[in-house]
Amino acid sequence: MIKLLSYLKKSIVPIILVIVLLVVQAMCDLALPEHMSNIVSVGIQQQGIESLIPDAVTADSFNVMLTLTTGEEKALVTSSYTEKDGAYYLNENVSVQFESFMTKLVAVYGAVSTVDSSQQSGVQSELAGQLDPNGSFVEQIHEIISSQMGDTVANQLGISFLAKEYEALDISKGTPYILKTGLKMLGFALIIALCTVMVSLLASRIAASCGREMRKDVFGKVIRFSNKEFNEFSSASLITRCTNDIQQVQILVIMTLRMVFYAPIIGIGALLKVLDTGRSLSWIIAVAILAIFSLIIVLMVIAMPKFKALQKLVDKVNLVSREILNGLPVIRAFSREKYEEERFDKANKDLTRTNLFVNRVMAFMMPMMMLIMNATSILIVWVGASAVESSQLQVGDIMAFIQYTMQIIISFLMLSMMSILLPRAIISAGRISEVLNTDISIENAEKTVAFPEDVQGTVEFKNVYFKYPNAEEYVLKNISFKTNKGETTAIIGSTGCGKSTLINLIPRFYDVTEGEVLVNGVDVRNVDLNELRDRLGYVPQKANLFTGTIASNIGYGLDEYTQEDLEFAAKIAQAEKLIAEKPGNYNAEISQGGTNVSGGQRQRLSIARAIAKNPEIYIFDDSFSALDFKTDSALRKALNEIEGKTKIIVAQRISTVLNADRIIVLEDGEVVGMGTHKELIKDCPAYVQIAQSQLSKGEMDL
């Protein structure tokens with residue numbers, strides 16, 4: 001997983017930009033509840049009055065307030081207001097000292113004005129006994145009111161007084177304040193939308209880039225696999241790792257950038273806001289978080305084993321599907337459609353059942369999270385109602401507290417969703433790492449040797465032994481022979497005797513266990529792989545064509561080719577007639593795997609592909625088996641007319657190799673005979689046995 005994170009290094013700048021955008025988005029998200037609280041508390045309840053410093057006050061109220069002040073205080077207040085049309089209006093520039101004093105004066109006046117006029121004399125007598133005649137009347141009264149009623153109630157009394165004053169002066173504060181705050185909220189919402197779009201775009205591009213690089217590296221690694229590595233991974237598994245597994249990692253990257261980075265920012269920010277808004281209710285947050293953690297732990301314990309099995313089940317479905325699709329002719333020939341349907345149905349149902357279980361877990365998680373969120377909201381309202389009643393909190397504060405709490409819970413919800421995606425992505429990442437960390441058994445030597453210019457077209461086996469990786473028995477034992485330039489060497493023997501294995505050692509599809517394989521006098525393990533294979537024209541036992549045209553398939557081994565190159569190769573491979581019959585001739589389409597041509601046509605086009613490459617050495621791995629005798633004979637005759645080319649032929653039919661310069665007879669991985677046809681008929685019982693099963697008496701005596 002750590003290695004896969006290295007793919008994100010190239011995207012470090014976009015990732016930083018994503019984090020910056022998420023911080024901006026979180027700040028805007030955190031500002032919305034506070035502004036909504038202000039709309040309710042200030043805009044509606046306080047009629048838009050934000051400060052206890054009056055912007056304007058009637059003359060009567062102004063004069064009454066002055067009676068509560070001393071000489072210096074009276075001068076400070078009168079100098080800060082200007083009389084106009086029977087009212088006093090606040091000057092633009094006022095001192096900090098004035099703001100502090102005026103806030104207390106309005107609160108005191110608001111409290112005093114609420115007392116009934118018949119009781120004012122008694123209240124004044126009571127207060128007179130508590131006041132210091134040498135101190136500030138306003139300061140002392142404000143301290144008494146705050147200690148008995150609380151700052152919140154005292155401020156509300158002052159605001160109620162100002163609301164009446166503004167109403168008397170026909171000054172509207174509530175509607176402008178609500179509009180101004182609402183526009184701010186719309187601005188924040190617009191910024192949030194833009195940030196969300198940008199984060200989604202950047203996260204998708206980062207994930208796509210990461211996926212592209214992973215697919216490139218995985219495919220590049222698979223291309224370099226030898227047969228040993230291919231035996232460790234099935235084709236279906238490699239396809240799943242290159243597609244579904246990488247897709248899971250891409251989804252994880254997107255969700256990490258969009259959720260995992262955002263959740264802590266919004267969660268911590270909302271928690272700080274909650275503690276600032278209503279510290280007395282913070283225990284509710286702890287209860288909600290504990291409930292969420294308990295739910296996540298329970299779900300993970302239940303779902304984790306299923307996530308581990310999910311990707312293997314995807315492999316199984318792919319494997320069964322490929323086997324069925326590749327083997328359709330055999331399945332139909334043996335009327336096994338029903339059996340294969342049941343086999344696929346079992347694999348499909350296993351995958352479906354596991355997916356349904358995982359989805360049910362996720363479906364169960366969401367309503368449980370909503371239940372926790374709604375229960376938390378109810379608990380906040382229930383507990384907060386008493387705080388509102390005692391004037392410790394305002395209704396807007398409760399609304400803001402609920403929204404901040406929801407943001408905290410949603411941040412944990414995001415992380416819980418990641419806890420569902422993370423196990424599957426980690427398993428997928430591990431499967432990708434298995435491919436990337438697989439050691440390739442066949443690679444170039446640290447110091448390669450160049451082929452000599454004066455030696456061409458020779459192949460030599462020196463005391464070669466070979467056994468497959470992790471096998472105990474040797475497949476080939478003590479193989480020694482040499483083929484010179486222009487010679488034809490045939491390898492023949494019963495099925496499973498090691499013929500294909502032997503020639504697979506020449507292009508280094510496997511490396512020898514003991515001994516040496518020499519091409520042009522150089523050990524194939526010491527030369528550059530590409531240079532080695534450029535000198536070989538290999539035709540595999542199973543002819544394989546690629547999607548494209550006949551021309552692109554024949555010229556596959558060449559960077560550039562002419563029409564003459566194609567026609568020459570097709571002529572030697574006896575493919576001219578079949579090409580002429582195709583609509584478009586050399587531009588005729590070839591479907592995937594060459595399924596729109598017959599087996600014999602595939603073999604001829606595969607042979608033409610090797611000939612067009614014009615190599616020094618031709619290797620034919622039982623490549624004439626699907627050809628009729630007439631075509632086989634004509635093709636061998638045409639091959640013999642190409643001068644200076646070494647040919648190594650694996651064959652089942654003796655007629656194919658009768659005229660070879662050297663015939664090697666293999667039996668259980670050992671050479672039991674070597675020579676020409678006439679020599680082997682005399683000296684090799686194993687060859688005679690094969691010949692008697694295929695040739696007439698006259699042909700054997702040739």
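Computed from the coordinates by the stated procedures, all read-outs in this text should not be read as laboratory data. Treat the numbers as computed from the prediction; the structure is a model and nothing was measured. Note that each Cβ is placed from the backbone with ideal geometry, even for glycine, and that neighbours are counted across all protein chains shown.
Brief remarks follow.
- Between 0 and 90°, nearest 10: helix 12-38 axis offset from the chain longest Cα axis: 30
- Antiparallel DSSP beta bridges within the chain, as percent of all bridges there, nearest 5: 60
- Helix 151-168 vs. the chain, principal-axis angle (Cα, 0 to 90°, nearest 10): 70
- Quotient of C-alpha Rg and 2.2 N^0.38 Å, computed over the chain: 1.68
- When only alpha carbons are used to place a centre, segment 429-443 and segment 1-70 end up 53 Å from one another.
- Here's the list of aspartates and glutamates a cross-link from residue 678 could span, going by alpha-carbon distance under 20 Å and ignoring same-chain residues fewer than 8 apart: 487, 661, 667, 699, 701.
- Among 354, 16, 415 - extreme Cα towards positive end, dipole of the chain, charges at beta-carbon: 354
- Stokes-Einstein diffusion of segment 143-234 at 37 °C, 0.692 mPa s viscosity, Kirkwood radius from Cα pairs, rounded to a whole number: 161 µm²/s.
- Acute angle (nearest 10 degrees) that the helix 337-389 long axis makes with the longest principal axis of the chain, alpha-carbon atoms: 10
- Pairs exceeding 27 Å between alpha-carbon atoms, taken from 104/184; 349/542; 499/582; 9/216; 477/647; 312/477: 104/184; 349/542; 499/582; 312/477.
- Separation of segment 81-100 from segment 571-626 is 101 Å, based on Cα centroids.
- Segment residue 297-residue 652, extension gain: residue separation times 0.36 nm, minus the distance between their alpha carbons: 121.4 nm
- Each stretch of four or more DSSP H residues adds -39500 (n - 2.57); spread over every residue of the chain, this sum gives -19500 deg cm²/dmol at 222 nm.
- Listed by chain and number, the aspartates and glutamates whose alpha-carbon sits under 13 Å from that of residue 221, ignoring those within fewer than 8 places in the same chain, are 213, 229, 434, 439, 443.
- Amide H within-cut-off set for residue 618, under 5 Å, with H built and near neighbours excluded: 537, 646, 647, 648
- Candidates 91, 469, 177 compared by Cα position along the dipole of the chain: farthest toward the positive end lies 469, with charges placed on Cβ.
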